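The structure under discussion appears below in the form of C-alpha cells.
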Amino acid sequence: MPDIAAVKAALSGQRIETPSWGYGNSGTRFKVFAQAGVPRTAQEKLDDAAKVHEFTGIAPKVSLHIPWDKVDDYAALAAHAKERGLELGAINSNTFQDDAYKLGSVCHPDPKVRRKAVQHLLECVDVMDETGSKDLKLWFADGTNYPGQDDIVARQDRLAESLAAVYERLGDDQRLLLEYKFFEPAFYTTDVPDWGTSYLQCVKLGERAQVVVDTGHHAPGTNIEFIVALLLREGKLGGFDFNSRFYADDDLMVGSADPFQLFRILHEVAQNGGFEPETNVAFMLDQCHNIEAKIPAVIRSVMNVQEATAKALLVDREALADAQRTGDVLAANAVLMDAYNTDVRPLLAQWREERGLAANPVAAYAASGWQQRIEAERVGGEQAGWGA
C-alpha cells in the first residue's frame, strides 16, 4: 500500500508554473472579453500570481511572454517577483503576430524574415539573462496552407539552422524547450506538428534542448501518456503546458474535459521518475480564461493538477508490478482505477492545513478581499490581453 507520508512529501515538492497571460483578458478568435480588475502591467500580473501561490503553496514561478510582458528593466521585474515570493520562469517567444510572419518565421523562405525571427529569440535569451530564467520556450505557428506552397524539407532545414543559432547563445544552465502543435494556424503542413519532429530537432541540438508537451496540441484519440513515457525514457521531456480540450486546442482549464487522461499522464510521470528534481520537468499551465474569473480559475487549475498528482502517487506500484508480471490484466487495471477513484480532497485539505494554508484555496481567495480591491484600484490604463 502507498505510504501516505511519502505521498505528502512528494506533494510538498511539487511546483506548478502559472502563465502571465492567464491573468489577462482573452477570448476566442471572434471576441476578447474584458473583466474588471484585470492587470494593466507585468507587475500587476505578478501581484495576482502571488495570490495564487499564497493560497495554493505550490505556484512560485510565473512564465513571461515577450513582447506581451515587455518592460524597460527586467532585473527590476525579477526583483518585484522576488518581493512577492515568486520567481520568473520560462520566457515565451512570439513569432506569430507580426505581418512579416504571414508565411512563417524561422522557416520562412526569405532569409531576412528568418533573421528577424531569430533576433527576437536571441532577445528573449537576453531577457533570460536579466531575469535569471532557465528556460526558453518556443512555439512556432510556421507551416503551409496549400500543397506545393513551399518545400517541406527545406523548411525543416531552416528550422534547424535557426534553432542552432539560438541554442548556441544559451548559457550552460539554460534550456531550449520546443513545443509542438499538430495544426493551426497552418492547415496543410505544420513545421513542428508532433513530438517526433520536436524530438528530432532537439536531439540534433544537444542535451539542453527538450520537448514540451502541450496537452491540447494533439489529434483526437492521441495517447498522450505514451508520448510522455517515451520522452521520459529518453531524458527529453522538458516540460508540460497543461490545459484541456474538447475539440482542438481549446486551452481550457486543465482536467476539465478528461480528468482521467490527466491522471494517466501523471501516473506515467510518477512511474518514470518525472517528479524527481534531477529530471527537471517543468509543470506549467498554458490556459486562457475567457469567461471565468482569472485568479480563481488559475487556483482551481493548480488544484486540478495537484489532485491528479495525488491520485497518481497513490497507485500501489508493487501490486501493479505483480499484476503486470503475472499477466493479470483486470487486476492491473483495477490498481489504477482504485487510485483514480480515490477522493483525495480530504488528504489535500489536511496537507494544506499542516502547512498553514487554507483547506479550500478557492474559498479562501474569495474571502480575502483581493478581487474587490483590484476591481476598485485598477481603473484606467490599458488592460493586459492578447497582444498587449
Across (1) open to solvent by 10 Å² or more (accessible area, probe 1.4 Å); (2) modelled with pLDDT of 95 or more; (3) within 30 Å of G37 (Cα to Cα); (4) in contact with a His (Cβ under 8 Å, 6 or more places away or on another chain), M303 clears everything bar (4)
**OP:** For I295, state whether it is in contact with a Lys or Arg (Cβ under 7 Å, 6 or more places away or on another chain), within 20 Å of F242 (Cβ to Cβ) and at pLDDT 95 or above.
**Re:** yes
Checked against (1) open to solvent by less than 50 Å² (accessible area, probe 1.4 Å); (2) modelled with pLDDT of 95 or more, D322 satisfies every condition except (1)
A376 being at pLDDT 95 or above, open to solvent by 40 Å² or more (accessible area, probe 1.4 Å) and either assigned to a helix (DSSP H, G or I) or not acidic (D, E) (or both): yes
Subset of segment 187-226, residues aliphatic (A, V, I, L, M), surrounded by 21 or more Cβ atoms within 10 Å (Cβ to Cβ) and touching a Phe, Trp or Tyr at 6+ places or on another chain (Cβ under 8 Å), comes to V192, A209, V211, V212, V213
Requested in this report: State whether the residues of segment 189-209 include one that is farther than 30 Å from Q149 by Cβ, more than 15 Å from the chain's Cα centre (by Cα) and of a type in the set (G, A, S).
Outcome: yes
When segment 289-311 is checked residue by residue, the ones that are closer than 24 Å to G27 by Cβ and of a type in the set (S, T, N, Q) are N290, S301, N304
Among G57, G37, the single one that is more than 20 Å from the chain's Cα centre (by Cα), closer than 23 Å to A367 by Cα, open to solvent by less than 50 Å² (accessible area, probe 1.4 Å) and touching a residue at least 60 places away in the same chain (Cβ under 8 Å) is G37
Exception for A293 within (1) open to solvent by less than 50 Å² (accessible area, probe 1.4 Å); (2) within 30 Å of E375 (Cα to Cα); (3) under 18 Å from the mean Cα position of the chain (by Cα) falls at (3)
Check: open to solvent by 10 Å² or more (accessible area, probe 1.4 Å) and more than 17 Å from the chain's Cα centre (by Cα), is that true of V166?
Finding: no
* To do: State whether one or more residues within segment 66-85 are of a type in the set (V, I, T), touching a helix residue (DSSP H, G or I) at 6+ places or on another chain (Cβ under 6 Å), outside any strand (DSSP E or B) and open to solvent by 20 Å² or more (accessible area, probe 1.4 Å).
  => yes
Flagged pairs (Cβ under 9 angstrom, 6 or more apart or on separate chains; first in segment 104-122, part of a loop (DSSP other than H, G, I, E, B); second open to solvent by less than 50 Å² (accessible area, probe 1.4 Å) and aromatic (F, W, Y)) are G104/F140; S105/F140; V106/F140; C107/F140; H108/Y101
Exception for I91 within (1) surrounded by fewer than 22 Cβ atoms within 10 Å (Cβ to Cβ); (2) touching a strand residue (DSSP E or B) at 6+ places or on another chain (Cβ under 6 Å) falls at (1)
Quiz item: Any residue at all in segment 334-342 that is more than 30 Å from K70 (Cβ to Cβ), open to solvent by 30 Å² or more (accessible area, probe 1.4 Å) and outside any helix (DSSP H, G or I)?
Solution: yes
- Filter pass, L159 being part of a helix (DSSP H, G or I), in contact (Cβ under 8 Å) with a residue 40 or more places away in the chain and either open to solvent by 20 Å² or more (accessible area, probe 1.4 Å) or farther than 23 Å from H65 by Cβ (or both): no
Checked pairs for segment 313-326, first without any contact (Cβ under 8 Å) to a residue 60 or more places away in the chain, second open to solvent by 30 Å² or more (accessible area, probe 1.4 Å) and part of a helix (DSSP H, G or I), C-beta under 6 Å and 6 or more apart or across chains, list as A323/A331
query: Is it the case that some residue within segment 359-373 is surrounded by fewer than 21 Cβ atoms within 10 Å (Cβ to Cβ), within 29 Å of A50 (Cα to Cα), touching a residue at least 40 places away in the same chain (Cβ under 8 Å) and touching a Ser or Thr at 6+ places or on another chain (Cβ under 9 Å)?
result: no
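The values are calculated or read from the model by the stated rules, or taken from the named source; none is laboratory data. All values reported here derive from a predicted model rather than from experimental measurement. Cβ: placed from backbone, ideal geometry, glycine included. Neighbour counts: every protein chain shown. To get the accessible areas, we keep the full protein, side chains included, count just its heavy atoms, and leave off ligands, DNA and RNA. Shrake-Rupley method; radii C 1.70, N 1.55, O 1.52, S 1.80 Å.
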